[in-house]
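Everything on this sheet refers to the single structure shown next.
What follows is calculated from the coordinates using simple rules that are stated; it is not laboratory data. These figures come from a predicted structure and were not determined experimentally. Quick reminder, even Gly has a Cβ in these numbers, built from the backbone with ideal geometry, and neighbours come from all protein chains shown.
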Amino acid sequence: MKEGKKTENFLLRVVAIADSLALPRDEDGTCVILDNTWPYLLSGILQAEYRSNSEVICNGKRALTVDEIVRSHFFKYNILLYRPSVLIIQVGIVDCSPRIFSRREKVIISSPFFPKRIREILIAYRSVRRRQILSKDPLAKVYTKPKKFEEAMISLRTKIEGLPFLVIPIVIPIVIHEKLDVKSPGIRSNVNEYNRILGDIWENFVPPWLLLDEGQRSNCFADDGYHFSVEGNRMVAESLGKVIGGLLVEL
């Protein structure tokens with residue numbers, strides 16, 4: 001199908017399974033309203049450039065990890081029952097970011113029964129030593145170890161391939177601002193490793209350079225270095241629009 005040509009043969013339903021990078025945000029001096037999120041913008045692009053009979057549904061969840069997506073309840077109520085033609089998967093930053101507290105430790109100290117004063121002391125102690133803690137084997141300080149991440153992604157691919165309808169999965173890479181290397185030593189190497197895993201598993205893995213223009217990356221992120229700015233959301237939407245446009249011939 002040629003770019004820019006519209007057809008009305010069927011409803012093009014795109015479902016985005018994503019973490020907070022696809023959601024509205026108003027934190028730390030950065031405000032992204034719904035109308036500026038990449039799923040909302042992508043819907044307009046698809047309707048204008050490819051098929052007016054199309055929609056983008058964002059099933060986003062803050063702090064989403066890959067192990068949650070493959071759980072039967074989540075998969076059924078966020079993917080299976082929506083019957084998408086295209087499934088966009090954006091997950092990984094929560095899985096691969098090095099942490100000063102493990103997931104288990106975070107659950108423990110966040111408990112209302114855990115002494116507040118001890119919690120404050122622990123957080124202050126590790127926060128001051130953040131760079132020292134994270135610089136030693138950052139892959140060992142993640143929520144989802146690389147092997148578990150790979151296994152979960154293979155399981156997700158298997159579930160999608162077993163759906164009773166045709167769906168084309170598109171996987172977005174993990175991208176971050178270079179300044180995060182200073183705050184979280186090792187995060188860049190972690191991101192590269194998890195992107196390698198994604199690229200090995202998924203046929204329609206969007207390479208980082210295609211998702212965000214290398215020359216404009218400094219303007220693509222919110223102040224925290226990993227959520228998208230208004231400009232970043234726009235660029236992601238435009239890139240995904242082109243990717244989907246190139247795949248429509250398969251539908």
>> Relative contact order for the chain: what percent, with Cα pairs under 8 Å and sequence separation of 6 or more?
In response: 25
>> Per-residue counts of other Cβ atoms within 10 Å, averaged by peptide: what ranking do you get for 67-79, 168-180, 138-150, highest first?
In response: 168-180, 138-150, 67-79
> When we measure straight from the Cα of Lys145, which aspartates and glutamates land under 15 angstrom away, once same-chain ones fewer than 8 places off are left out?
Replying inline: Asp67, Glu68, Asp95, Asp137, Glu193
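Using a 10 Å cut-off on Cβ atoms, rank the peptides 80-93, 46-59, 114-127 from the highest mean neighbour count down.
Ranking the peptides 80-93, 46-59, 114-127 by packing returns 80-93, 46-59, 114-127.
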>> Set the bar at 29 Å for Cα to Cα. Now go through Lys76/Lys183; Lys159/Lys179; Lys106/Lys183 and name every pair that lies beyond it.
In response: Lys76/Lys183; Lys159/Lys179
> Roughly what would the spin-label model give for Arg104 and Ser52, points 7 Å off Cα along C-beta, in nm?
Replying inline: 5.8
> HN-Hα J couplings of segment 114-121 from phi, Karplus 6.51/-1.76/1.60, θ = phi - 60°, integer Hz, Gly and Pro as x?
Replying inline: 7, x, 4, 5, 5, 4, 4, 5
>> With mean projected area of the Cα convex hull in nm² as the read-out, I listed [x] 14.2; [y] 15.3; [z] 12.2; which label goes with the value calculated from this structure?
In response: [x]
> How much length is gained on full extension from Arg71 to Arg131, taking 0.36 nm per residue of separation minus their Cα-Cα distance?
Replying inline: 18.2 nm
>> For a test of the definition: using alpha carbon positions, the gyration tensor, and the 1.5 limit on a/c, classify segment 98-178 as rounded, prolate or oblate.
In response: prolate
> FRET efficiency for Leu163 and Lys116, Cβ-Cβ distance as r, R0 = 35 Å, nearest 0.05?
Replying inline: 0.15
> How far apart, in nm, are the 7 Å Cα→Cβ label points at Glu193 and Ser155?
Replying inline: 2.0
